[in-house]
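Report on one structure; see the data block that follows.
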Ligand SMILES: Nc1nc2c(ncn2[C@@H]2O[C@H](COP(=O)(O)OP(=O)(O)O)[C@@H](O)[C@H]2O)c(=O)[nH]1
Ligand SMILES: [Mg+2]
Ligand SMILES: [Zn+2]
């Protein structure tokens, strides 16, 4: 019997696939897993988890989980349980298409909040710029103004891929975005060895089909890992506080500090500096809408 370190690279129901050295093994976990540093609220193994594996002959079993540096969590559709997307990621690339499927600002803002909550740096990637960028040009600058990096790329023509490649080396990167945005196509373009299945966007509805079904951690030949996630078309936030939300919407929070009422809802009150900014056009209405929608979901 021997204890070795490993990283969870995929989950298959109760079983996990673990990278141990240069091998990958499918294994079960101990019923009573040792969660180092305390049992997290979402105590299920997820891709990115660093684990301790007990080896017997050629077989392994997960016996302990190292404390997570971070975890990207969303809530189940009914909102009462946390659902892990990945743990221990260094950054997230939020992939959206320039034209089809249409970029949903509300979803982008939710991803940004989830990354903020996890303490994970987010980069906005607009793919398919070969289809034209008229739909996204009017508002991308807002995010650049907030300090986010925005990459404009095309998996099809190769435009901008060098920047993504450099960004991926030696780090663990989560790719998320709605299905059909081109996450798998981008990953194949930066490393053809992945040979990921690329789906097609239904011409009729413009909606993506789900071709990637579970999150997977994949090693890059030049060091680092990427996590390809299935298309996330909704993203419920798990246990965000008002303060954390304010941190993710600094342009709203800064103005909110000047409102006449300290409990201002920024919807209809007199003396609301947020609404004034909206009226004079210095605050983006979509960001305001996202902020209010997410705020509604936070129990006060
Ligand atoms: N025009 C164009 N189409 C792309 C580009 N990248 C991906 N696609 C297409 O978009 C569809 C969805 O791609 P896929 O990688 O499966 O998206 P995913 O669901 O985010 O993984 C496929 O039909 C791709 O061929 C691009 O840069 N330009
Ligand atoms: Mg995919
Ligand atoms: Zn206000």
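Could you pull out the residue among 90, 80, 130, 170 that is out of contact with any helix residue (DSSP H, G or I) (no Cβ under 8 Å at 6 or more places or on another chain) and free of Cβ contacts under 8 Å to residues at least 24 places away in the same chain?
Only one candidate passes the filter, namely 80.
Check the range 233-255 and report whether any residue there is within 12 Å of ligand 2 (Cβ to nearest atom) and either at positive phi or at pLDDT 90 or above (or both). So that I can check it myself, show each step before the final result.
Let us first name the residues in the range 233-255 that are within 12 Å of ligand 2 (Cβ to nearest atom), namely none.
Within the range 233-255, not a single residue is within 12 Å of ligand 2 (Cβ to nearest atom) and either at positive phi or at pLDDT 90 or above (or both).
So residue 239 clears everything in (1) within 16 Å of ligand 1 (Cβ to nearest atom); (2) in contact (Cβ under 8 Å) with a residue 60 or more places away in the chain; (3) part of a loop (DSSP other than H, G, I, E, B) except one condition, right? Which one?
Residue 239 satisfies every listed condition except (1).
Residue under question is residue 223, and the condition is that it be within 14 Å of ligand 3 (Cβ to nearest atom) and exposed (fewer than 12 other Cβ atoms within 10 Å of the Cβ); does it hold?
So residue 223 does not fit the description; no.
Could you check residue 200 against (1) within 16 Å of ligand 1 (Cβ to nearest atom); (2) closer than 23 Å to residue 101 by Cα; (3) at pLDDT 80 or above and say which number it fails?
(3)
Residues in the range 8-33 that are loosely packed, with under 14 Cβ neighbours inside 10 Å and part of a strand (DSSP E or B): how many?
Matching residues across the range 8-33 total 7.
Six or more apart or on different chains, Cβ under 6 Å: which pairs go from a residue in the range 23-42 that's modelled with pLDDT of 95 or more to one that's not in a strand (DSSP E or B)? Could you list them?
36/66; 36/67
The values are calculated or read from the model by the stated rules, or taken from the named source; none is laboratory data. Everything numeric in this text was worked out from a predicted model, so none of it was measured. All Cβ positions, even for glycine, are placed from backbone atoms using ideal geometry, and neighbour counts span all protein chains on display.
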